[in-house]
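See below for the structure under consideration.
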Amino acid sequence: GMAAWAATATAEAAKAAEAEEAEEAEDASQESAASDEAGEPAMEWATVNQQPPIWMQPPSELSHDDYAAFYRAISHDFEDHLAVKHFAVEGQVDMRALLYIPRRAPFDIFQQEGRANKLRLYVRRVFVMDECDDLCPEWLSFLRGVVDSDDLPLNVSREMLQQSKTLLRAMRKNLVKKTIEMLVELAAADPDKYMRFYAQFSKNLKLGVHEEEAQRERLAALLRFHSSKSGANQTSLSEYVARMAANQSKIFYIAGEGLEAVRDSPFVEQLHARGLEVLYMVEPIDEYVMQSLRDFDGKEFVCITKARLDLGDDDAEPQRDAEEARRLELLCNATEARLRGAVQKVVVSSRLSASPC
C-alpha cells in the first residue's frame, strides 16, 4: 500500500513539474515576442489624453461650446460665461491665459472670502495654486480662468522669491490690460450685453478707477451714469463730452442718495435751463471715484452743489450796477435778519430759476 501511494505521489509531482515547465515556456515565448532585437523587454505606453490643455490650443480651433464647457468645469456655474478672452503674451514674461466674466456677481463679492480672485495659476501646465494675491487686483475678483507661464518656478507658491514677485507683477499688469481690452470690445460689439455686465459689476469698475492709476482713463471710459439728458438709459463719459456745447469746458455732476432726489434738486434747474447736461452720481462708491477722477478727455469734473459755480459763460453772473448791487445786499441782510435761526445764509443766486432756495 505504501509503495502504491509513493508511486501515485511521484506521478502527480511529475505532472505538476511538467505543467510548470509548460507555463514558463509560454511566458518565455511571450517575453521573447515582446522583446526587441537587443533582447531588452519592450514596454508599451498608452496615451490616455492626447489633447493639450484648452488654454494651450489655438483660439481659432475652439468653439463657444468648448469654452463654455471648460468654464462650467472650473467655476461650477450653472450658466454659461458672459465673455471670454483667450490670449498669449511674450516679453518681460511669457504667459498664456484664458479669462472669463460670469453672468452674475456672487453674493459675497465684496466680503472677505468673495474678494479673493478665482484664477488658477499653472507653471508649464502644472497646477501650482489659486487665489494668488499678487496675480490679480481685488477689483478684478470676479474673473474666472487660468493663467500659465513657463517663466515662474514650480515652487512659486511656497518660496516667493523676489524674481517671482517681479514676474507676477508683470503678469498682473498684462491681466489688467487684457481684461480692460475685453470690456472695451464687449461695449463696442454688444452694448446691451455690456450693460448686463455693468449692472452686475459696476462697483468693481469704480473700485478699479480708484485703485488702478495707470489705467484710470481707460476704465473711466467704461463707466456709465444716468444724466439729465439720458432718460431711462445710462450714458458714457465719451457720449457726454460729445454732446457738450461749444463753450462748455467742464463736466457737471451732482451726487445724491437716489435718482429721484438728484433729478428734483434745485441745483439742477439753472443748468437744465441753459441746456447743460448734469451727470447723476447716486452710489456711495461714486464719491471715491470722483476723488481719483479729476478730469476726463481734458474736461474737469465740477460738482454743481459747490459754492460759486462757474458755468463757463458770460451770463452766469449778470452785470449789476453799484446801486442794484447795494439794494440786493440790503435785501439779503434784511432777509437773513428776519429769518435768523431759520436760515444759515441768504445770497443772490444765478443757479435757481424756479425754486426759492
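The values are calculated or read from the model by the stated rules, or taken from the named source; none is laboratory data. These numbers come from a predicted model, not from an experiment. Counting neighbours? That spans all protein chains shown, and the Cβs are built from the backbone with ideal geometry, glycine included. Keep in mind that these areas ignore ligands, DNA and RNA; they rest on the heavy atoms of the full protein, side chains included. Shrake-Rupley method; radii C 1.70, N 1.55, O 1.52, S 1.80 Å.
Results for (1) without any contact (Cβ under 8 Å) to a residue 60 or more places away in the chain; (2) under 25 Å from Leu121 (Cβ atoms); (3) open to solvent by less than 10 Å² (accessible area, probe 1.4 Å), shown as yes or no for each residue.
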residue	(1), (2), (3)
Lys193	no, no, no
Ala199	yes, no, no
Lys203	no, no, no
Gly208	no, yes, yes
Glu211	no, yes, no
Gln248	no, no, no
> Given the structure, is Gln215 closer than 22 Å to Tyr288 by Cα and open to solvent by 60 Å² or more (accessible area, probe 1.4 Å)?
Replying inline: no
